[in-house]
Amino acid sequence: MRLVAIFNRDGGTFKTTDLDAYCDHARKVFSQAGHQIECRLVSGKDIVQEMERTADDAGLDGLIAGGGDGTISAAAGIAWKHGIALGVVPAGTMNLFARSLKLPLDIWQAVDTLAQGHVQNVDIASANGHPFVHQFSAGLHARMVRYRDRMQYASRLGKIRANIRAAVSVVLNPPAFDVEFTVAGETQHRKVCAISASNNEFGPNPLLVADDITRGRLGFYVADALSPSGVARLAIDIMRGRLKENAAVTAMAVERAELHFPKRRHDVRCVIDGELLPMKRDVELKIHAGELKVIVAKDFANVCSGP
């Protein structure tokens, strides 16, 4: 395969890595496996533009992207649009898509695995055409990310601490809003604190990772409006891997869902693969079964073995 590897030099793990040595290692293991590869180191602010420019090359077979969940999500959307394969090097905090792909979370082991791997088709989802590989959410998660982004942190550990502080703040001040959602031809109107769709259903995992991203279904979750104590119980159930068992949560698997937020509100936001983005009052969620090509381990199996 003819590949280009683009690494986000500002990605968490890469900040403390000798990137020249890392690129030399990547070139070596991919060349030994019979691939042609070029490595590029790019700053976070320029990486999406560089990936778009690279993907326009008609002779390219695949894009290797290294960075956090935001970088990987952007790379997946670009690979999907151009019909090329995506290789994931997990250099962020959570690395959720890499977990679904059962890739090693060590960046050195990841390139070794990708070099010996093969291409497989998996699912990708979209919200109003915006692709995502992990999750779209509104409500609790969006408020938590908004709180977190107001904090300052300079490391992976600092980001984890900011996430914990933001989560506590959301528990104490949970949102409540009206939503109409239509699935399988049926429309419901609910007051909720959270609504979410995932690229296939979450497994019993506290990180909310999909067990299998080839089933061709969205995981669709609605949590009723809750008091702070109710949100705390929901958080505990999530940490125990029991999201679907919480009495306030409605969970289902669907191919498509339509959302309408009847009350006009100022500066409404959603989270798509960890990124806080503006949200329209009408959102169409869809699964695109088998449309994303990814490079996986040669012994890749769909069932997730754990966190």
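Considering the range 4-43, the residues that are among the small types (G, A, S) and surrounded by 15 or more Cβ atoms within 10 Å (Cβ to Cβ) include one that is nearest to G62 (Cα to Cα), namely A5.
Does I47 meet the test of being assigned to a strand (DSSP E or B) and not basic (K, R)? Answer is no for this residue. In this entry, D24 passes the filter for residues that are at pLDDT 95 or above and more than 19 Å from L292 (Cβ to Cβ). Total residues in the range 74-115 satisfying the condition of being touching a Phe, Trp or Tyr at 6+ places or on another chain (Cβ under 6 Å) and in a helix (DSSP H, G or I): the figure is 1. For the range 288-303, indicate whether the set of residues that are of a type in the set (A, V, I, L, M), modelled with pLDDT under 95, farther than 14 Å from A127 by Cβ and surrounded by fewer than 16 Cβ atoms within 10 Å (Cβ to Cβ) is non-empty. Yes, some residue in the range 288-303 is of a type in the set (A, V, I, L, M), modelled with pLDDT under 95, farther than 14 Å from A127 by Cβ and surrounded by fewer than 16 Cβ atoms within 10 Å (Cβ to Cβ). Please count how many residues of the range 251-269 are closer than 21 Å to D212 by Cβ and either touching an Asp or Glu at 6+ places or on another chain (Cβ under 6 Å) or outside any loop (DSSP other than H, G, I, E, B) (or both). Number satisfying all stated conditions: 6. Looking across I47, I107, I72, I64, one residue alone is under 20 Å from the mean Cα position of the chain (by Cα), over 30 Å from P204 (Cα atoms) and in contact (Cβ under 8 Å) with a residue 40 or more places away in the chain. It is I47. For S100, the conditions (1) open to solvent by less than 10 Å² (accessible area, probe 1.4 Å); (2) of a type outside the set (A, V, I, L, M); (3) out of contact with any His (no Cβ under 8 Å at 6 or more places or on another chain) all hold with the exception of (3). In the set (1) within 30 Å of G62 (Cβ to Cβ); (2) touching a strand residue (DSSP E or B) at 6+ places or on another chain (Cβ under 9 Å), D299 fails one condition alone, (2).
Selection of the range 238-269 for residues being more than 15 Å from H141 (Cα to Cα), under 25 Å from the mean Cα position of the chain (by Cα) and open to solvent by less than 60 Å² (accessible area, probe 1.4 Å) yields G241, N246, A248, T250, A251, M252, A253, V254, A257, L259, H260, F261. Among the residues of the range 116-162, those that are part of a strand (DSSP E or B) and open to solvent by 60 Å² or more (accessible area, probe 1.4 Å) comprise H118, V119, N121, H130.
Identify all residues within the range 270-285 that are part of a strand (DSSP E or B) and either modelled with pLDDT under 90 or open to solvent by 80 Å² or more (accessible area, probe 1.4 Å) (or both); write none if there are none. Listed by number, the residues that qualify are E275, P278, D282.
Residues considered: T71, T54. Of these, the only one that is in a helix (DSSP H, G or I), open to solvent by less than 40 Å² (accessible area, probe 1.4 Å) and within 22 Å of A125 (Cα to Cα) is T71.
Restricted to the range 79-94, and to residues there that are more than 28 Å from P206 (Cα to Cα) and buried (at least 21 other Cβ atoms within 10 Å of the Cβ), the residue that is farthest from the chain's Cα centre (by Cα) is I84. For beta carbons closer than 7 Å, sequence separation of 6+ or different chains, a first residue in the range 22-44 that is outside any strand (DSSP E or B) and a second that is surrounded by 15 or more Cβ atoms within 10 Å (Cβ to Cβ) and among the acidic types (D, E), the qualifying pairs are V29/D112; S43/D10; G44/D10. Among the residues of the range 166-218, those that are open to solvent by 10 Å² or more (accessible area, probe 1.4 Å), not hydrophobic (A, V, I, L, M, F, W, C) and not in a loop (DSSP other than H, G, I, E, B) comprise S169, D178, E180, T182, E186, T187, Q188, H189, R190, K191, S196.
The values are calculated or read from the model by the stated rules, or taken from the named source; none is laboratory data. Everything numeric in this text was worked out from a predicted model, so none of it was measured. So basically every Cβ, Gly included, is an ideal-geometry build from the backbone, and we count neighbours across all protein chains shown. Each accessible area value is taken on the protein alone, full model and side chains, heavy atoms only, with ligands, DNA and RNA left out. Shrake-Rupley method; radii C 1.70, N 1.55, O 1.52, S 1.80 Å.
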